[in-house]
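Read through the structure below, which is laid out as structure tokens, and then see the notes.
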Amino acid sequence: MGEIKVSPDYNWFRSTVPLKKIIVDDDDSKIWSLYDAGPRSIRCPLIFLPPVSGTADVFFQQILALTGWGYRVIALQYPVYWDHLEFCDGFRKLLDHLQLDKVHLFGASLGGFLAQKFAEYTHKSPRVHSLILCNAFSDTSIFNQTWTANSFWLMPAFMLKKIVLGNFSSGPVDPMMADAIDFMVDRLESLGQSELASRLTLNCQNSYVEPHKIRDIPVTIMDVFDQSALSTEAKEEMYKLYPNARRAHLKTGGNFPYLCRSAEVNLYVQIHLLQFHGTKYAAIDPSVVSAEELEVQKGRLALSQEEP
């Protein structure tokens, strides 16, 4: 197992895209780690926010594919932040440091929740131009852990890892999903106690999204029809919250479709970003749009032919 870690694509990614470390807070221990790939002339890139167990490189397949089509893509890893306001303030400082006025956000699970909270936090002076929410949620109470959220910082790393692993698929899965789970377990192992404790705290601390503050932002909700950590109720709540959102449904993909169903995820990301082509908020180099649009149309066609 562990196929992804030794795959040519992953090794090519690690050898060609440098990992940058940036400090924007007064506290030097708060380090943002990120991969920034694609044309620097793009001022409104797509930024990927990982789930609790993820590091910035879990989105390597999106970075490779999307930059190949001319997009600027940033994937990042959070420093240790213990509440949503602190995270939002740090993320705003990071965007200022990168000289990015507005961005598109793709958030997976916890990343999706934080993306919504950041859009809400900056609603008076908007920094988020659009949202792609993958297996995301809008209210932390769905995990029934709000009462333990304040004690995660006390728990040893092995205990925290056990809590996270409890949400991973345990039933039979196809080989690609098994590889994705193996890779995420490996990424989880690379996280320290404070990183894990802070992410679980953000994931479970009592909080919800206020939709009236972000109702004008274009949203795509991406979710899977097979087993994932999200309940049907949580998914329905997202649909209710964003009645005008585009929906990107994957028949299968589990908790980590960006790893095991990357071609479909990449296609849905392109379809979402198409609406901004030709504007100053395009995440793509204008010179490659026509060729890229052709690829999307081909992909759309292939996808529609696969529908039952």
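For region 1-29, give me the residue count where each residue is in contact with an Asp or Glu (Cβ under 9 Å, 6 or more places away or on another chain) and either under 20 Å from residue 99 (Cβ atoms) or free of Cβ contacts under 8 Å to residues at least 60 places away in the same chain (or both).
The total comes to 10.
If I filter region 147-163 for residues that are more than 22 Å from residue 10 (Cα to Cα) and in contact with a strand residue (DSSP E or B) (Cβ under 6 Å, 6 or more places away or on another chain), do I get at least one hit?
Scanning region 147-163, I find no residue that is more than 22 Å from residue 10 (Cα to Cα) and in contact with a strand residue (DSSP E or B) (Cβ under 6 Å, 6 or more places away or on another chain), so the answer is no.
Look at residue 45 and say whether it is out of contact with any strand residue (DSSP E or B) (no Cβ under 6 Å at 6 or more places or on another chain) and surrounded by 14 or more Cβ atoms within 10 Å (Cβ to Cβ).
Criteria not met by residue 45.
Listed residues 231, 194; which is among the hydroxyl-bearing types (Ser, Thr, Tyr), open to solvent by 10 Å² or more (accessible area, probe 1.4 Å) and under 26 Å from residue 31 (Cα atoms)?
Matching residue, one of 231, 194: 194.
Could you list, in sequence order, the residues of region 41-78 that are under 10 Å from the mean Cα position of the chain (by Cα) and aromatic (Phe, Trp, Tyr)?
Scanning region 41-78 gives 48, 59.
Quickly run through region 94-119 and pick out the residues that are of a type in the set (Gly, Ala, Ser) and open to solvent by 10 Å² or more (accessible area, probe 1.4 Å).
109, the sole residue that qualifies.
Cβ-Cβ under 9 Å, sequence separation 6+ or interchain: first residue in region 207-229 and without any contact (Cβ under 8 Å) to a residue 40 or more places away in the chain, partner among the charged types (D, E, K, R) and not in a helix (DSSP H, G or I). Which pairs?
225/251; 226/251
In region 199-244, what residues are closer than 19 Å to residue 165 by Cβ and among the polar types (S, T, N, Q)?
Matches in region 199-244: 201, 203, 227, 228, 231.
Taking residue 91 and the conditions (1) open to solvent by less than 10 Å² (accessible area, probe 1.4 Å); (2) touching a residue at least 40 places away in the same chain (Cβ under 8 Å), which numbered condition does it fall short on, given that it satisfies the others?
The number of the failed condition is (2).
Hey, can you tell me all the residues within region 117-150 that are farther than 22 Å from residue 241 by Cα and in contact with a Ser or Thr (Cβ under 9 Å, 6 or more places away or on another chain)?
Scanning region 117-150 gives 149, 150.
Consider residue 122 against the criteria (1) surrounded by fewer than 19 Cβ atoms within 10 Å (Cβ to Cβ); (2) under 30 Å from residue 9 (Cβ atoms): it satisfies all of them except one. Which criterion is unmet?
It fails just one condition, (2).
Could you go through region 280-290 and let me know if any residue there is in contact with a strand residue (DSSP E or B) (Cβ under 7 Å, 6 or more places away or on another chain) and part of a helix (DSSP H, G or I).
no
So, restricting to helices (runs of 4 or more DSSP H) that lie completely within region 164-278, which ones have at least 1 residues that are touching a strand residue (DSSP E or B) at 6+ places or on another chain (Cβ under 8 Å)?
232-241, 257-260, 262-274
Condition first: touching a helix residue (DSSP H, G or I) at 6+ places or on another chain (Cβ under 7 Å) and of a type in the set (Ser, Thr, Tyr). Now tell me which residues in region 169-190 satisfy that.
169
Please name all residue pairs, on different chains or six or more residues apart, with Cβ atoms under 6 Å, provided the first residue is in region 62-80 and is open to solvent by 10 Å² or more (accessible area, probe 1.4 Å) and the second residue is among the polar types (S, T, N, Q) and assigned to a helix (DSSP H, G or I).
Final answer for the pair search is 65/266; 80/194; 80/198.
The values are calculated or read from the model by the stated rules, or taken from the named source; none is laboratory data. All of these numbers come straight from a predicted model, not from anything done at the bench. Cβ coordinates were reconstructed from backbone atoms using ideal geometry, including for glycine residues, and neighbour counts include every protein chain displayed. Heavy atoms of the whole protein, side chains included, go into the accessibility calculation; ligands, DNA and RNA do not. Shrake-Rupley method; radii C 1.70, N 1.55, O 1.52, S 1.80 Å.
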